[in-house]
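All remarks here apply to the structure that follows.
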Amino acid sequence: MNYKTATQIILLLIVIALTSLFYSKYVNINVLKENVTQVDESNSKLDEINKLDTLKDIYYESYDQNGNKFIIKSKFGNFQDEDQQIILMTNVKAVIEIKDSKNIYLVSKMARYNILSNNTNFFNEVELIYQDNQINCENLDISFDNNEIEAYNDLTYKNTNTILMADKEMINFLTKDSKIYMMDESNVKIMVNN
């Protein structure tokens, strides 16, 4: 191989090496930046869609066949299913207005509300107030199908002269019958104020 051909091959290899180095350093970075920009734009669009799915100042009012009224409202909410029947609500307040009786008031940080059945699962610092009775717990479920309220997890029941600590309380909100009990064999803790 002569000197001229060897020099041309070496120069050609140097040009190829410099071209690949230039491509990998500058062109790939631009492609990467474009991909990152596209991902950022996609995330922004998803955030906008999520904001559109977030409902603000929610208010539902419904009546049962006996004329009892249920009102639930919250600051924010998002639908939890494709059929848009269940709303996850935050900063929730609710009232059960029972015909010929006193109202039941509920407050919680979160709730899952079924807009078809009105059945509601309250959770995170739940408080129920009925006349002089107050229930604090972590979970409270309302079943309008059975006219029942089920309160459980860190349950404390208070009235003017008694404090009860238990695992669970079941209340029929039409008859006002209630059962307070523990899940295991231990006893309900009762403190009486004189």
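The values are calculated or read from the model by the stated rules, or taken from the named source; none is laboratory data. Just so it is clear, the structure is predicted and the values come from calculations on it, not from any experiment. Every residue, glycine as well, gets a Cβ built from its backbone with ideal geometry; the counts of neighbours run over all protein chains shown. Surface accessibility is based on the protein's heavy atoms, side chains included, excluding ligands, DNA and RNA. Shrake-Rupley method; radii C 1.70, N 1.55, O 1.52, S 1.80 Å.
How about region 67-113: which trypsin sites (Lys or Arg not before Pro) there lie in a loop by DSSP and see at most 16 other Cβ atoms within 10 Å? Display every interim value, and only then the final one.
Working: sites: K69, K73, K75, K93, K99, K102, K109, R112; in loops: K99, K102.
Sparse-neighbourhood loop trypsin sites (Lys or Arg not before Pro): K99, K102.
Put L11, L55 in order of accessible area, largest first, 1.4 Å probe: what do you get?
Details: L11 100, L55 55 Å².
The ranking, largest first, comes out as L11, L55.
Calculate, in whole percent, how much of the Cα-Cα pair population of region 63-194 lies beyond 20 Å.
Numbers: 3896 of 8646 pairs.
Cα-Cα pairs in region 63-194 separated by more than 20 Å: 45 percent.
Which whole-number percent is the relative contact order of region 84-194 (Cα, under 8 Å, 6+ apart)? Please list the in-between numbers first.
Working: 264 pairs, mean separation 17.4, N = 111.
Answer for region 84-194 is 16 percent.
At R0 = 22 Å, how high is the FRET efficiency between Y63 and E138 if r is their beta carbon distance? Nearest 0.05 is fine. If you can, show how the numbers build up before the last one.
Values: r = 29 Å, r/R0 = 1.33.
Once the sixth-power term is evaluated, E becomes 0.15.
For Y105 and N78 in one chain, what is 0.36 nm times their gap in residues minus the Cα-Cα distance, to one decimal in nm?
Working: separation 27, 0.36 × 27 = 9.72 nm, distance 2.29 nm.
That pair, Y105 and N78, stretches by 7.4 nm at full extension.
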